[in-house]
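For reference, the structure is listed below as structure tokens.
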Amino acid sequence: MSKPFKRILITGAAGRLGRVLRAALKDHAEILRLTDITDLGELAAHEEGTICDLADFDKVLPLAKDVDMIVHAGGVPVENTFELILKGNIQGTYNIYEAARQHGVKRVIYTSSNHAIGFYDRTETIDASVAHRPDSLYGLSKCFAEDLGRYYWDKFGIESVNIRIGSSFEEPLDRRMLATWLSFDDFAQIVERSLHAPRVAHMIVYGVSNNRECLWDNRMASSIGYVPKDSADDYREKVLANHPPLNPNEPSARYHGGAFAGAGHFEDKK
Ligand code: 15L
């Protein structure tokens with residue numbers, strides 16, 4: 001049976017979410033081209049693999065050759081030093097878009113993060129059109145990447161879907177995740193919808209499951225057919241029993257970004 005795409009590039013393919021994508025997208029393209037800075041393990045017949053530092057443009061450029069779309073999940077996944085964020089997330093994402101432009105790739109699906117808007121107060125429900133309010137250097141790098149995608153759309157017509165992921169883990173790990181949780185199956189679904197939507201231009205959506213507690217108005221995600229199937233509510237009793245309530249005035253309880261908003265400046269730990 002023929003597959004909808006010839007070749008999809010997945011960056012960060014050895015990471016937590018990259019591994020989900022590797023399994024979920026196998027029937028969507030004849031070839032999955034995988035890359036990560038660490039070992040990718042054994043490759044299946046439909047996989048190509050390259051170990052690559054995304055900050056190295058000479059290595060990144062050939063990865064985009066003969067690729068229909070890129071799912072860019074690589075980079076530094078949490079707060080870190082500015083030096084590492086600069087290389088992995090800012091330089092790395094620039095290299096991905098530039099490689100996409102030079103090889104005529106149609107669309108980039110980017111795993112952005114709620115930390116791009118982490119300093120909104122939890123009393124506010126926001127949609128995807130609000131101004132950035134990063135809660136960390138990591139969050140700032142996500143803002144850069146979202147704007148970079150906008151620039152590449154406006155100037156070069158390369159489409160992007162920026163998925164502002166809440167908390168994508170096997171199950172919700174604390175009280176905040178009762179609102180921010182994204183199941184692995186729903187993550188796979190929103191990426192699939194992002195790949196197959198006929199036209200996305202430059203779009204920002206929230207990567208979140210169907211949780212009763214809700215911080216984000218996700219109408220844009222509905223517009224590409226995303227209908228989350230899972231809910232943090234199924235784990236609610238367990239989470240409430242294992243995690244005492246936080247003081248609601250503490251920054252880590254008060255803001256969308258949780259502990260990222262409450263933490264000090266990472267560089268001070270050096
Ligand atoms: C993220 O962006 C991180 O990659 C992930 O590890 C979690 O910390 C998540 O945000 C979250 O906000 O729960």
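The values are calculated or read from the model by the stated rules, or taken from the named source; none is laboratory data. Nothing here was measured: the structure is a model prediction, and the numbers come from that model. When we count neighbours, we look across all protein chains shown, and the Cβ atoms used for this are built from the backbone with ideal geometry, even at glycine. All accessible areas refer to the heavy atoms of the entire protein, side chains included, with ligands and DNA or RNA removed. Shrake-Rupley method; radii C 1.70, N 1.55, O 1.52, S 1.80 Å.
Of the residues Thr180, Thr125, Thr111, the one that moves most in a GNM of the chain with alpha-carbon contacts below 10 Å is Thr125.
Result for the chain in a Gaussian network model with C-alpha springs under 10 Å: among Arg150, Arg254, Arg212, the largest mean-square fluctuation is at Arg212. Over all other residues within a Cβ to Cβ distance under 10 Å of Asn218, the charged ones net out to 0, with Lys and Arg as +1 and Asp and Glu as -1. Taking amide H atoms as placed 1.01 Å from N in the peptide plane, the amide H of Gly49 lies under 5 Å from those of Leu34, each 5 or more residues away in sequence or on another chain.
Ignoring everything except DSSP H segments at least 4 long, calculate the 222 nm mean residue ellipticity for the chain; use -39,500 (n - 2.57) per segment, divide by total residues, nearest 500. Don't jump to the answer; show the numbers that get you there.
Values: 11 runs with 85 residues, N = 270.
Dividing the helical sum by the residues of the chain leaves -8500 deg cm²/dmol.
For the chain, averaging the sequence separation of C-alpha pairs within contact (under 8 Å, six or more residues apart) and dividing by the residue count gives a relative contact order of 17 percent. Anyone know which of Leu246, Leu137, Leu182 comes out most mobile in the 10 Å Cα GNM of the chain? Of Leu246, Leu137, Leu182, the most mobile in the Gaussian network model is Leu246. Of all alpha-carbon pairs in the chain, indicate the percentage at a distance above 34 angstrom. Taking all Cα-Cα pairs of the chain, the fraction more than 34 Å apart is 15 percent.
Principal-axis analysis of the Cα atoms of the chain puts helix 92-102 at an angle of about 40° to the longest axis. Solvent exposure of the chain, expressed per residue, is 46 Å² of accessible area, with all protein chains present and a 1.4 angstrom probe. For segment 45-113, the fraction of 1.4 Å probe accessible surface lying on carbon and sulfur atoms is 55 percent.
Straight-line cross-link partners of Lys87 among the lysines, defined as a Cα under 21 Å from its Cα and at least 8 positions apart when in the same chain: Lys59, Lys142, Lys269, Lys270. Taking Cα atoms only, the orientation of helix 137-156 departs from the longest principal axis of the chain by about 40 degrees. For segment 31-152, the C-alpha radius of gyration divided by 2.2 N^0.38 Å, with N the number of residues, is 1.13.
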